[in-house]
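Chemist: The structure follows.
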Amino acid sequence: MNLLASLPTAIGTAAVAPALLILWLVIAAGERPGPPAKVWTAFFLGAASISLLGLARAPFAKILAAPENPWVAQILHSVFGVALPEEAVKILVIVAVSARRRSFADPMDTVVYGAAAGLGFAAYENLAYLVQHAEMWRSLAALRSVLTVPFHGALGVIAGAYLALGRSGTALGAHRHHRDWARTSSRVLMLLGPVALHSGFDFPLLTLQQNSDIGSNTRLMLGMVSVLIGFSSIAFAVRLVRRVGRHQAPRTDIARARLTQLRRMWALLVAGGGAGFIGLTFVLTSIHHWLVNPERNVALILVPIGLTSILVGSALLLVTTAIYILGRNRIRTTASGFSSAPGQG
């Protein structure tokens, strides 16, 4: 099955929905959400960055072909064949999307862009895995949505957080006399941190795939190591999100009210996109069934349901876009008008 053709199906929904849900959770954790257009740009560029993996792996071809020891070869493959190329292309997306920052941009913006890039990558990779293993896609989708998809998002969050720290030197609370060291070390950790976690996560899994004769106890231990690294990475990313969020927490009632409105807009955007996607799935699936089996005209019953869902989703997206465009200047004006109020300086 073609990857793009599989998007408007149950497999496509199962592949993409977990990434979108986790992205919403990260956005909701921010105190001042960034521009939606840049977040979605990071998400789609993260998915498209998979096409660059061949170029990213090319410089390491000789390193991967050199070792004869199978364990050394497996370690090098985990680092230079999987982790480093994948994290490098995701970081390239994060840097590109956040390069032209607003003058009042917050560190959390870069964290959200990192999450979006990592989750876009995870959504496309998830779709490829489910299509490749269509006979067991349900169980595979459940397993990957619990660990693999949030793990990729967590690595993007970690890279985005260290990029924010490297740019400001104080985004995560660095002391003034440590600012230069914070900038330097953060730029290094932006790549080394995700690569180390990713390679540590993949090495046990790749070892299990390549060595079917491993004993049951060893297999259990390797699996537990991978799961532990995966959930530890997610927990570390959550901790970074909270630290960055606390650094830019709103200090006024006006700011909190603005944050609530922005979060509601994001919720409408997610709901509208989800309703439209589900509707498109109903319509295209019904048409496909009708074309393949013309005698099953009952499939056309789903078409009105799908069209209704598409209309509802489109209406939500249009209304939310209008509210955002018309309301953001009013929100900023209101905030400026009350900025000199007592206790809100």
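Chemist: So R219 clears everything in (1) charged (D, E, K, R); (2) crowded, with 16+ Cβ neighbours inside 10 Å; (3) modelled with pLDDT of 80 or more except one condition, right? Which one?
Modeler: It fails just one condition, (2).
Chemist: A further question on this structure: Of all the helices (runs of 4 or more DSSP H) wholly in region 61-155, which have at least 1 residues that are crowded, with 23+ Cβ neighbours inside 10 Å and among the β-branched types (V, I, T)?
Modeler: So the answer is 84-97, 107-132.
Chemist: Scan region 13-25 and tell me whether some residue there is open to solvent by 70 Å² or more (accessible area, probe 1.4 Å), at pLDDT below 80 and assigned to a helix (DSSP H, G or I).
Modeler: Pass one, region 13-25, residues open to solvent by 70 Å² or more (accessible area, probe 1.4 Å): 21, 25.
Going one step further and asking which of them are at pLDDT below 80, we end up with 25.
Filter once more, keeping what is assigned to a helix (DSSP H, G or I): 25.
Yes, region 13-25 has at least one match.
Chemist: Also: Scan region 45-54 for residues that are surrounded by 11 or more Cβ atoms within 10 Å (Cβ to Cβ) and either small (G, A, S) or farther than 17 Å from F151 by Cβ (or both) and jot them down. Walk me through it before giving the result.
Modeler: The initial filter retains those residues of region 45-54 that are surrounded by 11 or more Cβ atoms within 10 Å (Cβ to Cβ), namely 45-50, 52-53.
Result: L45, G46, A47, A48, S49, L52, L53.
Chemist: Specify which of the listed residues (A174, A164, A154, A142) is closer than 23 Å to V26 by Cβ and modelled with pLDDT of 85 or more. Quick ask: steps written out before the conclusion?
Modeler: On the way: A174 fails: modelled with pLDDT of 85 or more; A164 fails: modelled with pLDDT of 85 or more; A142 fails: modelled with pLDDT of 85 or more.
Result of the check over A174, A164, A154, A142: A154.
Chemist: If only one of A37, A115 is under 14 Å from the mean Cα position of the chain (by Cα) and closer than 26 Å to L318 by Cα, which one is it?
Modeler: Values: A37 fails: under 14 Å from the mean Cα position of the chain (by Cα).
Within the list A37, A115, the selection yields A115.
The values are calculated or read from the model by the stated rules, or taken from the named source; none is laboratory data. No experiment lies behind these values; they were computed from the predicted model shown. All Cβ positions, even for glycine, are placed from backbone atoms using ideal geometry, and neighbour counts span all protein chains on display. Each accessible area value is taken on the protein alone, full model and side chains, heavy atoms only, with ligands, DNA and RNA left out. Shrake-Rupley method; radii C 1.70, N 1.55, O 1.52, S 1.80 Å.
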